[in-house]
1. For region 59-85, which positions are surrounded by fewer than 20 Cβ atoms within 10 Å (Cβ to Cβ) and in contact with a Lys or Arg (Cβ under 7 Å, 6 or more places away or on another chain)?
2. Counting only residues that are at positive phi and at pLDDT 85 or above, give me the strands (runs of 3 or more DSSP E) lying completely in region 59-106 with at least 2 of them.
3. Within region 29-37, identify whether any single residue is modelled with pLDDT under 80 and polar (S, T, N, Q), and answer yes or no.
4. Of everything in region 42-58, what is free of Cβ contacts under 8 Å to residues at least 24 places away in the same chain and surrounded by fewer than 20 Cβ atoms within 10 Å (Cβ to Cβ)? Give them in sequence order.
5. Which of the numbered conditions does residue 121 fail, given that it passes all the others? Conditions: (1) loosely packed, with under 12 Cβ neighbours inside 10 Å; (2) more than 22 Å from residue 29 (Cα to Cα).
6. Taking residue 9 and the conditions (1) at pLDDT 80 or above; (2) surrounded by fewer than 13 Cβ atoms within 10 Å (Cβ to Cβ); (3) among the acidic types (Asp, Glu), which numbered condition does it fall short on, given that it satisfies the others?
Amino acid sequence: KNPKLNVYDKSVELSVGKLAFNVKKRPNEQFRFTSPTAVATIKGTAGIWGGNLLIITESGSSPAAVLEALSGLKQRVEIFVGETGFVNDDGSVGKRKSSQSDLDDAKKGLGEDGQSNKKVIIKFRTKEGDVKEIEVKK
């Protein structure tokens, strides 16, 4: 017998600004952030997404994320904990060790700096009709 595999896909489109995230790893689920320039696929990872910049602070997976450009060479790169992935103007992608400034920015976005505690809860309905919610902290 071949068991049926259900993969649940959650996507967030971000055109402007940055978004901190803490996605809990769950079997058969993937989370995607998209922007006009790139797609970041996340599994069990915390960090910050800024459209063409992805900073990973912790993860329950290895790699923590995959960053893929949507234009130009349409390259993709695996991002691990402590790395920052980026998309250049020509569509090429790369990664580097996260700087202290990157990590401080991510901590602030995740509310781990002791100063940020605002949040927004977004409720949505799945294709199956179930109501789910995403908590976005500012």
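1. Of everything in region 59-85, those that are surrounded by fewer than 20 Cβ atoms within 10 Å (Cβ to Cβ) and in contact with a Lys or Arg (Cβ under 7 Å, 6 or more places away or on another chain) turn out to be 60, 61, 66, 68, 77, 82.
2. Fully inside region 59-106 and qualifying: nothing.
3. Checking region 29-37: at least one residue is modelled with pLDDT under 80 and polar (S, T, N, Q).
4. Correct list: 43, 44, 58.
5. It is condition (2) that residue 121 fails.
6. Only one criterion in (1) at pLDDT 80 or above; (2) surrounded by fewer than 13 Cβ atoms within 10 Å (Cβ to Cβ); (3) among the acidic types (Asp, Glu) is unmet by residue 9, namely (1).
The values are calculated or read from the model by the stated rules, or taken from the named source; none is laboratory data. This is a predicted model, so every value here is computed, not measured. Cβ: placed from backbone, ideal geometry, glycine included. Neighbour counts: every protein chain shown.
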